[in-house]
Amino acid sequence: MTRSAHRTRRILQVAGASGAALLALSACSSSGPGTGAGSSSAKPSGTVTVFAAASLEESFKTLGKQFEKEHPGTKVTFNFGGSDTLAASITGGAPADVFAAASTKTMAIVTDKQDAAGTPATFVRNQLEIATLPGNPDRISSLKDLTKPGLKVVLCDESVPCGTAARKALDAGGLKLTPVSYEQDVKSALTKVELKEADAAVVYKTDVRAAGDKVDGVDFPESAEAVNDYPIALLKNAPNPKAAKAFMALVRSAEGQKVLSRAGFLKP
Amino acid sequence: MTDLDGITTSVLTEGLDAHLVVDRATFRLDLALTAAPGEVVALLGPNGAGKTTALRALAGLTPLTSGHLRLDGTRLDAMPPESRPVGVVFQDYLLFPHLTALDNVAFGPRCRGANKAEARVQAAVWLDRMGLADHAGAKPRRLSGGQAQRVAVARALATGPRLLLLDEPLAALDARTRLEVRAQLRRHLSEFEAVAVLVTHDPLDAMVLADRLVVVEHGHVVQEGTPSHIARHPRTDYIARLVGLNLYRGRAEGHTVRLDAGPAITTTEELSGPAFVAFPPGAVTLYRDRPTGSSARNLWRCEVAGLETHGDQIRADLTGELPLTADLTTVAAAELDLHPGAPVWATVKATQTHAYPA
Amino acid sequence: MTDTLESRPRRDRHRDRHRGRTRTAPIPLLVPALVGLAFLLLPLIALLVRAPWRSLPEQLTSAEVWEALRLSLLCATAATVLSLVVGVPLAWLLARTWFPGRGFVRALVTLPLVLPPVVGGVALLLAFGRNGVIGQWLDSWFGITLPFTTTGVVLAETFVAMPFLVISVEGTLRAADPRYEEAATTLGASRFTAFRRVTLPLIAPGIAAGAVLAWARALGEFGATITFAGNFPGRTQTMPLAVYLALQNDPAAAIALSLVLLAVSIAVLAALRDRWMTAS
């Protein structure tokens, strides 16, 4: 039951990440577009359209800028949203090159319809964490603490990935938790704590990280039972497969992983 | 309260004593009005003269800018309309469409404290008195105009007002019903023991219903008196037109009244100083050519400006030396070949004119 | 207001129904009208065509569906009643009195119409939440917290639905002759009695129409409700919330739930139409 001291760690990570970014920048200025894995035959060019889970927004935007610098003449456009919604628009014919989902289940919607080219690969994993009010006034140190009477806890609805994951974790701990609300997505759950309407929420580590000092994060061991895999796949009808492959390579490269882990993602 | 106020109050402990001043952006009403109990006063005037504003001020629906309002010695100025012992019959009656005739009449007694049963009993008595017992259960939209008017009167009277206000009580009726309702209303008003003030622009209504006329123009009283006096001695063009007289103002010297602008008129009365001369349109005789043998001193050269049928006669509007209105038979009009623009000579005998001091 | 029709002879009613109606319509009106009609109806037809009719009985027998429906009807009705209690007097104030900034106040009243409901929900949290401007006092003085409660659902729905009622009633009041109120005061009625016994019955059709609009809006309310009151089955999970969440992983269930909501609201509106709305 460790309560991670995020704030200090974050500062260290930010410092480290900016160092890494600087390194990456200097690397591409010296070696040019030869470093990308997808640039084996010809230089990638044109626009890459990436559909990505909302939780990836910050990291992917950083990676997008990096990609455009590494490959002059390219442009990365994003469509961030709920994985289900994105999957639905891809199977509905939306013109996208890459799909990065927040769960294998949503990726399966796309692969089931034969809309993906090749097998999706897991590029990061996300773990649950308890978000508490700043300073953790209710002294929450474990998942079991959330079942204390009088505590207002919000969970994600089980129809969305973070809700399924929370259920798994609670089951693993043999806990019965009645929340005040089953929120429609992870951001809503987090907002309830940010606005101090709820005392705690079970959300992803990345969300706690993104919320800065508006919430505190509390790790719990049961979260290991409910780790979420994030698969990424090239789409069958991708208008720009060459550049798409190059972008996917960047995401899975060491540089990409550094940016992602800075946002709280775990390595696959 | 000042001494002066004290005196006025003691003088008029009964009836209405009002000085109504209402300032609007483009209009000022300044009207003194008194009436004794049992008296029916008609405010007569053209549209926009301020009659309805005066009525609303009496009812408390429009606040007074200044002036005063006393009824039976009690000041009403600051009293809200619902506390005033005033009943109002509105121009289009404003019967509550969702209530039966009986409940419309019972509304007032109910608001003044009677319980539902009592109020209905009182209302039934009033409807009976108006000859409407059979229509007690009818909603207003099923009543004829005359019936609705009587319900409105019953509703206003059912609260036992000390001042009854009627705004154009007959205007919404067709000509035939009007005759009948006017006679009924006259009977009810004569039985009413408190003050009644009615507003109308119809001289006939005013003369039949009222004991006294107060003529209002541009927010001011221009003349008041009994209907017959006003009919004979109009002091403004508006009243003269209403009572169907040609009216001129001038300066009298003996048997002649020299008009302010225009010719002189010979009269039988002997006066001096500012004076009015009036004569009815029927006293005018028209000729196509200048009459030679006529003894009439009042002979003017005119031109036909317009013609219209007026009952079984033709009414001719003339311009020229003396603008006037003349009535003549259809036959005479045809013989004279009258048409707009036709030159005519008009004469009036001195014996048919009426002069009085202005 | 039913007697409007009942008290009139049948012949009149028949004539009224056909007054001003023609059999033919000019093409420039007819074509866009039909396009508009098709646009409104096609999605509903698609819903019916693609509805999982075979699994429908099974979808609809779950207790959660009926709980959500019961809660939806209850909350929408409560929100309508609340809107009536405060909305009708507000409409009267806007229509019958003058005060500085009245136009501005009217604009404010209609604001929830243009505000995205989710933003409305956040605004409600900021006002009535546990940590909100008013809510913190409610919490510390009376121990009342509104978010995550059924009362919270009613408040969120009222916030979104009341403007419909206020606008409808205010319009009716403006059209109604204020002199009836004056006539009532000359008969000894206070302004409130005049309002209660004369104005209210006169504008009843407008109030009914406004209440139906507000009820329908409250029934379909989603954004403000889920943001302010959260989502908990039996307590704050109304039908639209259930539909939205079902849509995440079981579109067929979402369609089934929508059909239930649709059927119930059509039934209620049709029942009310005959009773109230014909006179207006």
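Read the figures in this text as sums done on the coordinates, not as results from a lab. Since we're looking at a predicted model, the values are computed, not measured. FYI the Cβ positions are ideal-geometry reconstructions off the backbone, even for glycines, and counts take in every protein chain you see.
Remarks
- Annotation: the protein assembly as shown has a Kirkwood hydrodynamic radius of 36.1 angstrom, from the mean reciprocal C-alpha pair distance.
- Cα-based reach from A:Lys176 at 16 Å (exclusive), listing lysines while leaving out same-chain residues under 8 positions away: A:Lys144, A:Lys148, A:Lys152, A:Lys168
- Positive-end residue of C:Val153, B:His354, C:Gly188, charge dipole of the protein assembly as shown with Cβ unit charges: C:Val153
- Structure remark: mean-square fluctuation, Gaussian network model of chain C, C-alpha springs under 10 Å; the largest value among C:Gly206, C:Gly171, C:Gly143 belongs to C:Gly143.
- Shielding of B:101-109 by partner chains, average beta-carbon count, 10 Å: 2
- Cross-link partners of A:Lys236 among lysines, defined as those whose alpha carbon lies under 30 angstrom from its own and excluding same-chain residues fewer than eight positions apart: A:Lys43, A:Lys61, A:Lys65, A:Lys69, A:Lys75, A:Lys105, A:Lys113, A:Lys245, A:Lys258, A:Lys267.
- Cβ neighbours within 10 Å from other chains - mean over C:247-254: 4
- Computed FRET value (nearest 0.05) for A:Lys75 with C:Phe99, which takes r as the C-beta separation and R₀ as 51 Å: 0.35
- A dipole drawn for the protein assembly as shown from +1 and -1 charges on Cβ atoms has a positive end, and of C:Ala25, C:Gly171, A:Ser45 the residue lying farthest that way is A:Ser45.
- Derived scalar couplings between HN and Hα for region B:314-322 equal 10, 9, 10, 8, 10, 10, x, 3, 9 Hz in order, rounded to whole Hz, by the Karplus curve 6.51 cos²θ - 1.76 cosθ + 1.60 (θ = phi - 60°), x for Gly and Pro.
- Highest-fluctuation residue, C:Ala33, C:Ala194, C:Ala254 considered, GNM on chain C with Cα pairs under 10 Å: C:Ala33
- Charged side chains reduced to their Cβ positions (Lys and Arg at +1, Asp and Glu at -1) give the protein assembly as shown a dipole of some 2340 debye around its Cα centre.
- Listed peptides B:149-155, B:281-287 by packing density, highest first (mean Cβ within 10 Å): B:149-155, B:281-287
- Applying the Karplus relation 6.51 cos²θ - 1.76 cosθ + 1.60 with θ = phi - 60° to region C:48-55 yields 3J(HN,Hα) values of 5, 5, 8, 5, x, 4, 5, 8 Hz, where x marks Gly and Pro.
- Directionally averaged shadow of region B:16-237, computed from the convex hull of its alpha-carbon atoms, nm²: 12.2
- Gyration tensor verdict on region A:86-150 (Cα atoms; rounded if a/c is under 1.5, prolate if a/b is larger than b/c, oblate otherwise): prolate
- Each residue, C:Arg273 and A:Lys113, gets one label point 7 Å from its Cα in the Cβ direction; the gap between the two is 3.7 nm.
- For region B:146-152, 3J(HN,Hα) computed residue by residue from phi via the Karplus equation (6.51, -1.76, 1.60; θ = phi - 60°) reads x, 5, 4, 4, 5, 4, 5 Hz, glycine and proline entered as x.
- Chain B, helix-only ellipticity at 222 nm - DSSP H runs n ≥ 4, -39,500 (n - 2.57), divided by all residues, nearest 500: -8000 deg cm²/dmol
- GNM result for chain C, Cα springs below 10 Å: residue of C:Ile255, C:Ile45, C:Ile27 fluctuating most strongly: C:Ile27
- Gyration tensor verdict on region C:193-238 (Cα atoms; rounded if a/c is under 1.5, prolate if a/b is larger than b/c, oblate otherwise): prolate
- Rg/Rg_globular for region A:148-268, with Rg_globular taken as 2.2 N^0.38 Å and Rg from C-alpha atoms: 1.25
- Averaged over peptide C:223-233, the number of partner chain Cβ atoms lying within 10 Å of each residue's Cβ comes to 5.
- What the Cα atoms of region B:279-357 give is an Rg and a Dmax of 12.0, 39 Å.
- Each peptide in A:133-140, A:186-193 gets a packing score, the mean of other Cβ atoms within 10 Å over its residues, and the list from highest to lowest is A:186-193, A:133-140.
- Annotation: amide H of B:Thr34 within the under-5 Å range of B:Ala18, sequence separation 5 or more or interchain, hydrogens built in the peptide plane.
- Theoretical FRET efficiency, 1/(1+(r/R0)^6), r = Cβ-Cβ of B:Thr330 and B:His220, R0 56 Å, to 0.05: 0.85
- With each label modelled as a point 7 angstrom along the Cα→C-beta vector, the B:Arg28-B:Gln352 pair spans 4.4 nm.
- Computed magnitude of the charge dipole of region C:78-214 (debye, nearest 20; Cβ of K, R +1, Cβ of D, E -1): 240
- Cα centroid separation, region B:124-145 to region C:165-238 (Å): 33
- With a Förster radius of 22 Å applied to the beta-carbon distance between C:Ala127 and C:Val81, the computed FRET efficiency rounds to 0.55.
- Only Lys, Arg, Asp and Glu carry charge here, each on its Cβ (+1 for the first two, -1 for the last two); on that basis region B:164-234 has a dipole of about 240 debye about its Cα centre.
- Additional length obtainable on full extension of the chain from B:Arg258 to B:His229, 0.36 nm per residue less Cα span: 8.0 nm
- Cα gyration tensor, chain C - rounded (a/c under 1.5), prolate or oblate: oblate
- Electrostatic bookkeeping for B:Cys111 treats Lys and Arg as +1 and Asp and Glu as -1; over the other residues with beta carbon under 10 Å from its beta carbon, the sum is +2.
- Extension gain for the segment C:Leu138 to C:Glu64, taken as residue separation times 0.36 nm less the Cα-Cα distance, is 23.5 nm to one decimal.
- Net charge of Cβ neighbours under 15 Å - reference C:Gly234; Lys, Arg +1; Asp, Glu -1: -1
- Order by protection proxy (mean Cβ within 10 Å, highest first), peptides B:241-251, B:85-95: B:85-95, B:241-251
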